[in-house]
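Beneath this line is the structure, given in structure tokens, with notes to follow.
All of the numbers you see were taken from the coordinates with simple rules; none came from a lab. For clarity, every value in this text was computed on a predicted model and none was experimentally measured. Virtual Cβ from ideal backbone geometry, glycine too; neighbours counted across all protein chains shown.
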Amino acid sequence: MPKINTYLNFDGKSEEAFNFYKSVFGGEFLMISRMSDMPGAEELADNEKNRLMHISLPIGKDDVLMASDIVPSMGHTLKIGNYSYISVFTENREEADRLFAGLSEGGTIEMALEDTFWGDYFGSFQDKYGINWMINYPQQPD
């Protein structure tokens with residue numbers, strides 16, 4: 001079975017966003033590399049050399065959240081939109097509450113974390129970096 005990891009793009013905010021995500025999820029970065037590390041970096045604008053080429057943070061035991069910054073001088077553009085969500089499934093309500101509170105801080109709540117008609121504890125929001133998240137605790141019937 002293939003493994004799916006979420007990969008995000010930012011406009012110079014990858015490091016800031018991932019330090020925030022690390023503060024919520026914990027763990028250590030698997031890799032951080034900067035645009036200045038790549039061949040031809042001397043051709044980049046000075047304000048682009050410190051941007052991240054790649055960063056990765058393990059989330060739980062099987063998933064890795066990854067990202068990079070766009071490089072405008074190479075023709076990259078970033079469009080923030082509602083075309084994707086990162087869906088996090090927790091092992092209990094307390095973990096759902098903690099992650100929802102931490103990740104939604106400074107963002108916009110779309111649906112408050114609550115018991116839903118389909119039986120799960122669920123909420124969704126856009127974080128302060130424009131990334132859409134869903135937090136879900138799939139409760140078992142008594």
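Based on the mean of other beta carbon atoms within 10 Å per residue, what is the order of 14-24, 66-76, 102-112, most packed first?
Working: 14-24: 17.7, 66-76: 16.0, 102-112: 14.5.
Ranked from most to least packed, the peptides come out as 14-24, 66-76, 102-112.
What relative contact order, as a whole-number percentage, does region 85-137 give when Cα pairs under 8 Å and 6 or more residues apart are counted?
Numbers: 100 pairs, mean separation 23.6, N = 53.
Dividing the mean separation by the residue count of region 85-137 yields 45 percent.
Please arrange 44, 30, 65 by counting, for each residue, the other beta carbons lying within 10 Å of its beta carbon, fewest first. Please list the in-between numbers first.
Values: 44 18, 30 12, 65 23.
With the fewest neighbours first, 44, 30, 65 line up as 30, 44, 65.
Can you pull the percent of Cα pairs in region 6-70 with separation above 13 Å? Numbers along the way, then the final one.
Values: 1257 of 2080 pairs.
Cα-Cα pairs of region 6-70 separated by over 13 Å account for 60 percent.
To the nearest 20 debye, what is the magnitude of the charge dipole of region 85-137 about its Cα centre, counting +1 on the Cβ of each Lys and Arg and -1 on the Cβ of each Asp and Glu? All intermediate terms of the calculation are to be shown ahead of the outcome.
On the way: 3 positive and 10 negative charges, 36 e Å.
The dipole magnitude comes to about 180 debye.
Would you mind checking the tilt of helix 93-104 against the longest principal axis of the Cα atoms of the chain, expressed as 0 to 90 degrees and rounded to 10?
40
Report the charge-dipole magnitude of the chain in Debye, nearest 20, computed about the Cα centre from +1 at each Lys and Arg Cβ and -1 at each Asp and Glu Cβ. Kindly include the intermediate steps, with their values, before the conclusion.
Values: 11 positive and 23 negative charges, 61 e Å.
The calculated dipole for the chain is roughly 300 debye.
For each of 98, 34, count neighbouring Cβ atoms within 10 Å of the residue's Cβ, then give the residues from fewest to most.
Details: 98 15, 34 18.
Going from least to most buried by this count: 98, 34.
For a bin width of 5 Å, list the pair-distance distribution of region 85-137 built from all Cα-Cα distances, rounded to whole %.
Bins of 5 Å from zero give 5, 24, 35, 24, 10, 2 percent of pairs.
Quick one: compute the contact order of the chain, relative version, from alpha carbon pairs under 8 angstrom and 6+ residues apart, as a percent. Write down the numbers at each step before the final one.
Details: 246 pairs, mean separation 29.7, N = 142.
Across the chain, relative contact order equals 21 percent.
Quick one: how many lysine pairs in the chain have C-alpha atoms under 25 angstrom apart, if they're 8 or more apart or on different chains?
Final tally of qualifying lysine pairs is 13.
In whole Å, what are the Cα extents of the chain along the three principal axes, biggest one first?
Taking the Cα atoms of the chain, the three principal extents are 62, 29, 28 Å.
Run the numbers on region 6-70 and let me know its relative contact order in percent, using alpha-carbon pairs under 8 Å that are six or more apart.
Numbers: 107 pairs, mean separation 29.6, N = 65.
Relative contact order of region 6-70: 46 percent.
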